[in-house]
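For reference, the structure discussed in these notes is given below.
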Amino acid sequence: MRTTTLLPALAAALLLTACGSERAGTHDGGVGASGASGVSPRTAVSGPAVDGVRITSVTLPSASPSVSASASLSASAGATGGGVRADPLPTGLPVRSGVSADYQVENSGTEALTYTVLFAFTTSGGGAVSNEKVTVGPVGPGRTVRGTVRMASPPPGAPTVTEVKVAEVTSVPAAEAPSGPGVCPPSGIRVTADDGDAAMGLRVVGLVLENCGDRDYTVKGYPQLTLLDEDHQPVDGVRIVRGGGDVATVTGFDDPPRTVTLAPGERANAGLMWRNTTGFGAAVGVPYVRVRARPDAAPVIITPHLDLGTTGKLAVSAWRGAAERQKARGAGSR
């Protein structure tokens, strides 16, 4: 699904493993909220799930006039979000320190999924104080995982948090999920995407190929891409072009493909580029992209949220190693 991030994330990832219905762990981004006179006990909340993710209780500053949890649902899912008032839990339960939310992730599908969830800690007016990103998985079909996310300590003078929202949920088949930091997949190569860059309707997302194995790895040419919809099915009507000429002129994007051999620990880079301008016809959104470093490589699904407007084009650059990147930087500085 595609939703809108509230603010640049004060984000950290936690990889949680699901086995049945269990307590998966705690994502701790810090404690405290400036201006709060203290922290109230956990309070239970009830509200709609967002793609299988539900906030079950929250711990917020005692200075808050009310405690609530709400869900920001994607328009593509055909739902709307709303706040719910919290009911106190029975007394005698332990009080958590810091601002936090307990949540559960339920996989009602037929295959194991890895979820990435963005939690927004907001003011009563809806302004985001902090965002925290949590990765949960793999969650087996029919399984439920429970965990806790804690808000990072905000800067001095930050407003008081009064709500916690599920702002965004993405999920990919566990077998094609990107490996977490410090985790090398059996293939010995790790493919990830950066947070991207945007300017005047032009969007660029970088792809990173890291050789985390123990032998050289060689690529030549372009990443192999398959565009996927919310159900991980192929998207029609979008043309993938090699090089940036049909979209924009960007240094390095039109470099011809070369053979790049990565020693263990080395990286190569490629890029995706598109415009989100609109004209005649229906706008196209692509939440997921399946990437293969080369035709025989294991696939990895990334979530760049391609808002292609009505252009119907996605540009991809060839893989470049350290030497090619250095040449591109030199050419761009002249």
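The values are calculated or read from the model by the stated rules, or taken from the named source; none is laboratory data. These figures come from a predicted structure and were not determined experimentally. Every residue, glycine as well, gets a Cβ built from its backbone with ideal geometry; the counts of neighbours run over all protein chains shown. Ligands, DNA and RNA are stripped out before the accessible areas are found, and what is left, the full protein with its side chains, is counted by its heavy atoms. Shrake-Rupley method; radii C 1.70, N 1.55, O 1.52, S 1.80 Å.
Are there any pairs, at least 6 apart or on different chains, whose C-beta atoms fall under 8 Å, with the first in region 310-323 and over 12 Å from Gly206 (Cβ atoms) and among the charged types (D, E, K, R) and the second part of a strand (DSSP E or B) and at pLDDT below 90, and if so, which?
Lys313/Arg275
Quick one: Thr311 ticks every box in (1) surrounded by fewer than 16 Cβ atoms within 10 Å (Cβ to Cβ); (2) more than 27 Å from Gly213 (Cβ to Cβ); (3) of a type in the set (S, T, N, Q) except a single one, so which number is it?
Of everything listed in (1) surrounded by fewer than 16 Cβ atoms within 10 Å (Cβ to Cβ); (2) more than 27 Å from Gly213 (Cβ to Cβ); (3) of a type in the set (S, T, N, Q), Thr311 misses just condition (1).
In region 196-228, what residues are assigned to a loop (DSSP other than H, G, I, E, B) and under 14 Å from Ala297 (Cβ atoms)?
Cys212, Gly213, Gly221, Tyr222, Pro223 - these are the residues of region 196-228 that are assigned to a loop (DSSP other than H, G, I, E, B) and under 14 Å from Ala297 (Cβ atoms).
With respect to Thr249, determine if the residue is outside any strand (DSSP E or B), farther than 26 Å from Arg215 by Cβ, within 25 Å of the chain's Cα centre (by Cα) and modelled with pLDDT under 95.
no
Count, please, the residues in region 169-183 that happen to be over 16 Å from Ala298 (Cβ atoms), open to solvent by 20 Å² or more (accessible area, probe 1.4 Å) and outside any loop (DSSP other than H, G, I, E, B).
1
Identify, by number, the condition in (1) within 18 Å of Arg54 (Cβ to Cβ); (2) without any contact (Cβ under 8 Å) to a residue 24 or more places away in the chain that Val136 doesn't meet.
Looking at each condition in turn, Val136 falls short on (2).
Counting just the residues of region 267-283 that are in a loop (DSSP other than H, G, I, E, B) and closer than 23 Å to Val169 by Cα, which one comes out most open to solvent (accessible area, probe 1.4 Å)?
Start the filter on region 267-283 by keeping residues that are in a loop (DSSP other than H, G, I, E, B), which leaves 276-283.
Applying the additional criterion that residues be closer than 23 Å to Val169 by Cα yields 276, 283.
Working: Asn276: 42, Ala283: 68 Å².
Looking at the filtered set, the residue picked out is Ala283.
For region 109-161: of the residues being open to solvent by less than 10 Å² (accessible area, probe 1.4 Å) and in a loop (DSSP other than H, G, I, E, B), which is nearest to Val99 (Cα to Cα)?
Met151
Which condition number does Gly221 fail, the rest of (1) without any contact (Cβ under 8 Å) to a residue 24 or more places away in the chain; (2) more than 30 Å from Tyr115 (Cα to Cα) being met?
Of the numbered conditions (1) without any contact (Cβ under 8 Å) to a residue 24 or more places away in the chain; (2) more than 30 Å from Tyr115 (Cα to Cα), the odd one out for Gly221 is (1).
Scanning for something of a type outside the set (S, T, N, Q), in a loop (DSSP other than H, G, I, E, B) and without any contact (Cβ under 8 Å) to a residue 40 or more places away in the chain, does region 284-297 turn up at least one residue?
Scanning region 284-297, I find at least one residue that is of a type outside the set (S, T, N, Q), in a loop (DSSP other than H, G, I, E, B) and without any contact (Cβ under 8 Å) to a residue 40 or more places away in the chain, so the answer is yes.
Only one of (1) open to solvent by 40 Å² or more (accessible area, probe 1.4 Å); (2) not in a strand (DSSP E or B) fails for Thr192. Which number is that?
Tallying (1) open to solvent by 40 Å² or more (accessible area, probe 1.4 Å); (2) not in a strand (DSSP E or B), Thr192 fails exactly one: (2).
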